[in-house]
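Trainee: Please see the structure below; I have some questions.
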Amino acid sequence: QVQLVESGGGSVQAGGSLRLSCAGAGYTASPNYMACMAWFRQAPGKEREGVATAYTRVGTTAYADSVKGRFTISQDNAKNTVYLQMNSLKPEDTAMYYCAASPGGTCLLRGRWSEPNIYNYWGQGTQVTVSS
């Protein structure tokens with residue numbers, strides 16, 4: 001049974017930093033099992049949006065325009081873990097952050113990585129609150 005467990009959320013002031021972790025369990029610690037491991041976020045009253053993804057099989061990444069230059073996604077394949085380093089946080093980054101993973105290759109298609117419905121596995125979420 002695949003499980004994704006997030007950690008690292010919290011409350012910070014604008015301009016601060018947080019690092020989120022997502023540990024996967026229940027599947028082989030292989031970079032080839034999951035095609036993508038991504039971070040999404042959802043603020044109250046808003047749709048879930050893709051923040052960043054790691055194309056775990058090829059070692060590249062993609063980001064939403066709103067976080068480019070501020071957030072960095074990285075992966076440790078041996079630990080089945082992805083990280084999201086968030087710098088220069090803004091109040092508009094406040095949301096519940098979710099880790100998601102997909103063994104299927106649809107997420108590798110151009111522009112598709114940020115579609116929530118193509119991800120098979122989700123974590124329980126971790127809250128990030130940024131105050132002004």
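The values are calculated or read from the model by the stated rules, or taken from the named source; none is laboratory data. The structure presented is a predicted model; accordingly, all values stated were derived computationally and were not measured. We place every Cβ from the backbone using ideal geometry, glycine too, and count neighbours over all the protein chains shown. Protein only, heavy atoms only, side chains kept; ligands, DNA and RNA dropped before computing areas. Shrake-Rupley method; radii C 1.70, N 1.55, O 1.52, S 1.80 Å.
Trainee: Would you mind getting the accessible area per residue of segment 1-91, heavy atoms of the protein chains only, 1.4 Å probe, in Å²? Don't skip to the answer; put the middle values down first.
Mentor: Details: 4430 Å² over 91 residues.
With all protein chains present, segment 1-91 gives 49 Å² per residue.
Trainee: Arrange the peptides 118-124, 79-85 so that the one whose residues have, on average, the most other Cβ atoms within 10 Å appears first. Each step should come with its number before you reach the end.
Mentor: Details: 118-124: 17.4, 79-85: 20.1.
Ranking, from highest mean packing down: 79-85, 118-124.
Trainee: If you don't mind, another one. Could you tell me, in Å, what Rg and Dmax come out for the Cα atoms of the chain?
Mentor: That works out to 13.7, 42 Å for Rg and Dmax.
Trainee: Considering only protein heavy atoms and a 1.4 Å probe, what is the carbon-and-sulfur percentage of the accessible area of segment 3-115? Present the calculation step by step, with values, prior to reporting the outcome.
Mentor: Working: 2520 of 5290 Å².
The nonpolar share, carbon plus sulfur, comes to 48 percent.
Trainee: For the chain, what's the relative contact order in percent, using C-alpha pairs closer than 8 Å and at least 6 residues apart?
Mentor: Numbers: 340 pairs, mean separation 45.9, N = 132.
It rounds to 35 percent for the chain.
Trainee: Same structure, new question: Can you give the Rg/Rh ratio of segment 57-132, where Rg is from the C-alpha atoms and Rh is the Kirkwood radius? Don't jump to the answer; show the numbers that get you there.
Mentor: On the way: Rg = 13.3 Å, Rh = 13.9 Å.
With Rg and the Kirkwood Rh in hand, the quotient comes to 0.95.
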